[in-house]
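Just below is one structure, and these are the notes that go with it.
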Amino acid sequence: MTTPKLPPKIATRLGDEIDMATRAWQWFMDSIPQIAGAIAVLVIGVILARLLSRGADRALTRSGRIEPTVAKFLSNIIKYALWVVVAVTVLTQFGVQTTSIIAALGGLALAVGLALQGTLSNVAAGVMILIQRPFRVGEYITAGPVAGTVQSIGLFTTEMLQLDGLYVMVPNNELWNKAVVNHSRMATRRFELVVPISYEDDLRAARAAMLELATADPRALAEPAPVAFVAGLADNSVRVGLRVWCNAGDYLALSWALNEGVKLKFDELGLTIPTGVAAAAAAPAR
């Protein structure tokens, strides 16, 4: 029985496909050592990247000097950097020229950095805030026009709650580039009240009355002791001052009580505040 002959075009195409498959198989057989090495490098590299990143995370967290958020962020950077090294090493196993790839990755990183400049600045500020700890969760701070109790600190933003109950989300860069006043960090605070009285009034009686109010309030600390003094001589009034130290948590309540108490006591003693002259006090934070 005669074997049918294939058309010349089909025979040529079939021969090319067989030849291509033969070359591919031959390349695969010749590249087995490189493929095995690449797989070994990939597996070992991924395992090492995970182990090193976890070890760095545990070490940074246990140190107590770095916040868990920063520790996780730094450990992820280590892991991704090791993954890049592993990928470049695997490509090298197959003879790929990695110089152009590294240059392309550098250009891509530069482009991404320029596009996300504002975001990256917030990340950098967030890392510095978490490391330097100018404020912590639960503390009341003021920074420029922003004031409130810190609710959470992230890598991009800080969440705060104002005294009026409004929620505020502040970019970390806005906080890092301004002077931060922490009203809760220190255990004690000083409250200062300055009240003007008329030149005709009894100055000693005013000082004694203010000092009596301060010493009678249990929230006022005995050490440093309250001090009443003459703060200044204005055109139409004598400015009498009072300085009292208290615990940070008692600051607002004590300031309210002393402002009210001084007014009532001065009315009782017949001491007058000149018209158009107001008392001055340090603005209570909370």
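Observations
- Residues considered: Ser184, Ser152. Of these, the only one that is at pLDDT 85 or above and surrounded by fewer than 14 Cβ atoms within 10 Å (Cβ to Cβ) is Ser152.
- Glu212 closer than 17 Å to Met186 by Cα, of a type in the set (Asp, Glu) and either touching a strand residue (DSSP E or B) at 6+ places or on another chain (Cβ under 6 Å) or surrounded by fewer than 18 Cβ atoms within 10 Å (Cβ to Cβ) (or both): no
- The set of residues in the range 149-165 that are in contact (Cβ under 8 Å) with a residue 40 or more places away in the chain, more than 16 Å from Ala125 (Cα to Cα) and part of a loop (DSSP other than H, G, I, E, B) contains only Leu163.
- Annotation note: of Val168, Val146, the sole residue that is aliphatic (A, V, I, L, M), in contact (Cβ under 8 Å) with a residue 24 or more places away in the chain, surrounded by 14 or more Cβ atoms within 10 Å (Cβ to Cβ) and not assigned by TED's automatic domain parsing to the domain that holds Leu252 is Val146.
- Within the set Phe191, Phe135, the sole residue that is among the aromatic types (Phe, Trp, Tyr), within 30 Å of Leu264 (Cα to Cα) and in contact (Cβ under 8 Å) with a residue 40 or more places away in the chain turns out to be Phe191.
The values are calculated or read from the model by the stated rules, or taken from the named source; none is laboratory data. No experiment lies behind these values; they were computed from the predicted model shown. Don't worry about glycine lacking a Cβ; one is built from the backbone with ideal geometry, like all the others, and counts go over all protein chains shown.
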